[in-house]
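A.B. asks: To start, I am sharing the structure in question, which I have written as structure tokens.
The values are calculated or read from the model by the stated rules, or taken from the named source; none is laboratory data. Predicted model only: the values in this text are computed from it and were never measured. In this analysis, Cβ positions are derived from the backbone assuming ideal geometry, glycine residues included, and neighbour counts consider all displayed protein chains. Only protein heavy atoms, including side chains, enter the accessible area calculation; ligands, DNA and RNA are left aside. Shrake-Rupley method; radii C 1.70, N 1.55, O 1.52, S 1.80 Å.
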Amino acid sequence: MALVELRNLTKVYPLTESLFGRGRGETRAVNNVSLDIFAGETLGLVGESGSGKSTLGRLAIRLLEPTSGTVWFDGHDLGSASAGELRRLRRHMQIIFQDPFGSLDPRFRVEDIIAEPLDIHEHLSRAARRRKVVELLHAVGLDDSILPRYPHEFSGGQRQRIGIARALALRPKFIVADEPVSALDVVVGAQIVNLLAKLQREFGLTYLFISHSMPVVRYLSTRIAVMYRGEIVEIGTTEQITESPAHPYTRSLLEATPEIVA
């Protein structure tokens, strides 16, 4: 059984006139998508901007409510889960956001940013809380000397590492990584991708890795799903998608992106 099962997911947004709010149709950000994500794998979700990738990622962990369709996580229907059950399941689903600055509260110190999920779910003693945060910082390659500092004091790559540490705080099973390197330069982005691969091995993580970059997805993913205009147009192993693409859109993505040279 898959860890995450998406069944016939659709997300529709109404379109309105800018001044008078009169309806004039709708846009389907996600259109009847069904997808399985298996424990321990990285499913790469690739497509151009506006294809619906980020919306699908948020639907997968119920940050957004679908217009129709269902999301199953570890055998539980998130749509029909009680508030208590959903709270219990949420600790196993986390997200790493695209913007490593905007996703961190500028008023919080690093220690409090990383500890926020622990404060909500575990209520540790002050000493245990500090120990846990230090462990997480070390796991993402940062030193505990940064605990009292604020997000604006760090580079983009360091801020993304802090965001990753926060996502790991509750030892989740599943992480949606929503374009986590698109706001970083190539060298720093490669370091973050390698870190994510390392953490997957150490923590037994399952990723939905969202990106517009086929080379990055190819490097990290077990399987690849290609999204176009709200629909999955092709899915297969990384080798199948990159070596024998069946859909014209997949071929265009591969042709438009240079290969990563080691």
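A.B. asks: Whole angstrom only: what separates the Cα centroid of region 111-148 from the Cα centroid of region 203-232?
C.D. replies: One Cα centre to the other: 29 Å.
A.B. asks: Residue-wise, which Karplus ³J(HN,Hα) couplings in Hz belong to region 55-67, taking 6.51 cos²θ - 1.76 cosθ + 1.60, θ = phi - 60°, and x for glycine or proline?
C.D. replies: Karplus values, whole Hz, x for Gly and Pro: 4, 4, x, 6, 5, 5, 10, 6, 6, 10, 8, x, 5.
A.B. asks: Within region 77-99, what residues put their amide N at less than 16 Å from the label point 7 Å along the Cα-to-Cβ vector of Arg171?
C.D. replies: 89-94
A.B. asks: Now for a different question. Please say if region 71-192 is rounded, prolate or oblate, where rounded means a/c under 1.5 for a ≥ b ≥ c the square roots of the C-alpha gyration tensor eigenvalues, and otherwise the choice is prolate for a/b larger than b/c and oblate otherwise?
C.D. replies: The shape class here is oblate.
A.B. asks: For region 130-229, take every pair of Cα atoms, bin their distances at 10 Å starting from 0, and report each bin as a whole percent.
C.D. replies: Calculated over all Cα pairs of region 130-229, the distribution is 14, 47, 31, 7, 1 percent.
A.B. asks: Which ³J(HN,Hα) values in Hz, rounded to whole numbers, follow from the phi angles of region 221-235 under the Karplus curve 6.51 cos²θ - 1.76 cosθ + 1.60, where θ = phi - 60° and Gly and Pro get x?
C.D. replies: 8, 7, 10, 10, 10, 9, 10, 8, 6, x, 10, 7, 9, 6, 8
A.B. asks: Do you know the relative contact order of region 51-159, to the nearest whole percent, from alpha carbon pairs under 8 angstrom that are 6+ apart?
C.D. replies: 24
A.B. asks: At 37 °C and a viscosity of 0.692 mPa s, what translational diffusion coefficient does Stokes-Einstein give for the chain, taking Rh as the Kirkwood radius over Cα pairs? Give it in µm²/s as a whole number.
C.D. replies: Calculated translational D: 170 µm²/s.
A.B. asks: Of Met93, Met1, which has the most accessible area and how do the rest follow, probe 1.4 Å?
C.D. replies: Met1, Met93
A.B. asks: Can you work out ³J(HN,Hα) from phi for every residue in region 168-175, in order, using Karplus 6.51 cos²θ - 1.76 cosθ + 1.60 and θ = phi - 60°, giving whole Hz and x for Gly and Pro?
C.D. replies: 8, 4, 9, 6, x, 8, 9, 10
A.B. asks: Between the helical axis of 110-121 and the dominant principal axis of the chain, each derived from Cα atoms, what acute angle in degrees is found, rounded to the nearest 10?
C.D. replies: In the chain, helix 110-121 runs at an angle near 80 degrees to the longest axis.
A.B. asks: Before rounding to the nearest 500, sum -39500 (n - 2.57) across all DSSP H runs of length at least 4 in the chain and divide by the residue total; then give [θ] at 222 nm in deg cm²/dmol.
C.D. replies: Calculated at 222 nm, the ellipticity per residue is -11000 deg cm²/dmol.
A.B. asks: Compute the FRET efficiency between Asn194 and Ile120 as 1/(1 + (r/R0)^6), taking r as their Cβ-Cβ distance and R0 = 22 Å, and round to the nearest 0.05.
C.D. replies: Taking R0 as 22 Å, the efficiency between Asn194 and Ile120 is 0.15.
A.B. asks: Counting only Cα, what are the radius of gyration and maximum Cα-Cα distance Dmax of region 67-108, in Å?
C.D. replies: 14.1, 38
A.B. asks: Can you tell me which of 34-45, 81-92, 112-123 comes out highest on packing, and rank the rest after it, using the mean Cβ neighbours within 10 Å?
C.D. replies: Ranked from most to least packed, the peptides come out as 34-45, 112-123, 81-92.
A.B. asks: Starting from the eigenvalues of the Cα gyration tensor, five times each then square-rooted, give me the equivalent ellipsoid semi-axes of region 25-119, largest first, whole Å.
C.D. replies: Over the Cα atoms of region 25-119, the ellipsoid semi-axes are 25, 20, 14 Å.
A.B. asks: Can I ask one more? What Kirkwood radius, in Å to one decimal, follows from the Cα pairs of region 87-139?
C.D. replies: 12.3
A.B. asks: Cα to Cα, under 21 Å, and not fewer than 8 places away if on the same chain: which lysines meet these conditions relative to Lys132?
C.D. replies: Of all the lysines, those that pass the test against Lys132 - Cα under 21 Å, at least 8 places apart if same chain - are Lys173, Lys198.
A.B. asks: Something else: Which distance in nm do the two modelled labels at Thr67 and Ala39 give, with both placed 7 Å along the Cα-to-Cβ direction?
C.D. replies: In this crude label model, Thr67 to Ala39 measures out at 3.5 nm.
A.B. asks: Could you quote the convex hull projected area for region 162-210, Cα atoms only and averaged over all directions, in nm²?
C.D. replies: Averaged projected area of region 162-210's Cα convex hull equals 3.2 nm².
A.B. asks: Could you compute Rg(Cα) / (2.2 N^0.38 Å) for region 189-245, with N its residue count?
C.D. replies: Dividing the Cα radius of gyration by 2.2 N^0.38 Å gives 1.18.
A.B. asks: Along the positive direction of the dipole of region 160-262 (beta-carbon charges: Lys, Arg +1; Asp, Glu -1; about the Cα centre), which of Ala225, Ala197, Ala169 reaches farthest?
C.D. replies: Highest projection toward the positive end goes to Ala169.
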